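Student: Before anything else, here's the structure in question.
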Amino acid sequence: MVQFDQPLVVLQDAIKQKSAVKFAQGYADLTLACSGCHKSAGVGFIAIKKPTSSPFCDQTFEPVAR
C-alpha cells in the first residue's frame, strides 16, 4: 500500500512556508505516490503527470481596473 501522508504533509508545509522549491519537490513526490498506487492496484495506465499547460488556457485572471 502506498502512503500518501508524507507527500501531503511536505506539500502542506511548502505552501505554509511559501516555498516554490519545496512545493515543486512535494508535488513531484505526490505525483509518484499517486501513480505508484495506480500501478499496484493494477490500473497503471492511469498515470499522473505534471501539467504542461494551464487548464484555463482561454481565461485570464488579471484584476479588473475599477
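The values are calculated or read from the model by the stated rules, or taken from the named source; none is laboratory data. For clarity, every value in this text was computed on a predicted model and none was experimentally measured. Cβ sites come from the backbone with ideal geometry, for glycine too, and all protein chains shown count toward neighbours.
Student: Inspect the stretch 18-29 for any residue being assigned to a loop (DSSP other than H, G, I, E, B) and either basic (K, R) or touching a residue at least 12 places away in the same chain (Cβ under 8 Å) (or both) and give the result as yes or no.
Tutor: Among the residues of the stretch 18-29, at least one is assigned to a loop (DSSP other than H, G, I, E, B) and either basic (K, R) or touching a residue at least 12 places away in the same chain (Cβ under 8 Å) (or both), which makes the answer yes.
Student: Every residue in the stretch 38-62 that is among the hydrophobic types (A, V, I, L, M, F, W, C) and at pLDDT below 90, please.
Tutor: Scanning the stretch 38-62 gives F56, C57, F61.
This table checks each residue for (1) over 10 Å from the mean Cα position of the chain (by Cα); (2) within 16 Å of V9 (Cβ to Cβ); (3) charged (D, E, K, R).
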site: A28; (1), (2), (3): no, yes, no
site: A33; (1), (2), (3): yes, yes, no
site: G36; (1), (2), (3): yes, no, no
site: S40; (1), (2), (3): yes, no, no
site: F45; (1), (2), (3): yes, no, no
site: I48; (1), (2), (3): no, no, no
site: P51; (1), (2), (3): no, no, no
site: T60; (1), (2), (3): yes, no, no
site: V64; (1), (2), (3): yes, no, no
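Student: Considering only the stretch 44-66, state which residues are surrounded by 10 or more Cβ atoms within 10 Å (Cβ to Cβ) and either on the phi > 0 side of the Ramachandran plot or aliphatic (A, V, I, L, M) (or both).
Tutor: Scanning the stretch 44-66 gives I46, A47, I48.
Student: Turning to a different aspect of this structure: List the number of the failed condition for I46; all other conditions in (1) in contact with a helix residue (DSSP H, G or I) (Cβ under 8 Å, 6 or more places away or on another chain); (2) in contact (Cβ under 8 Å) with a residue 24 or more places away in the chain hold.
Tutor: Exception for I46: condition (2).
Student: A further question on this structure: Scan the stretch 1-23 for residues that are small (G, A, S) and exposed (fewer than 13 other Cβ atoms within 10 Å of the Cβ) and jot them down.
Tutor: A20
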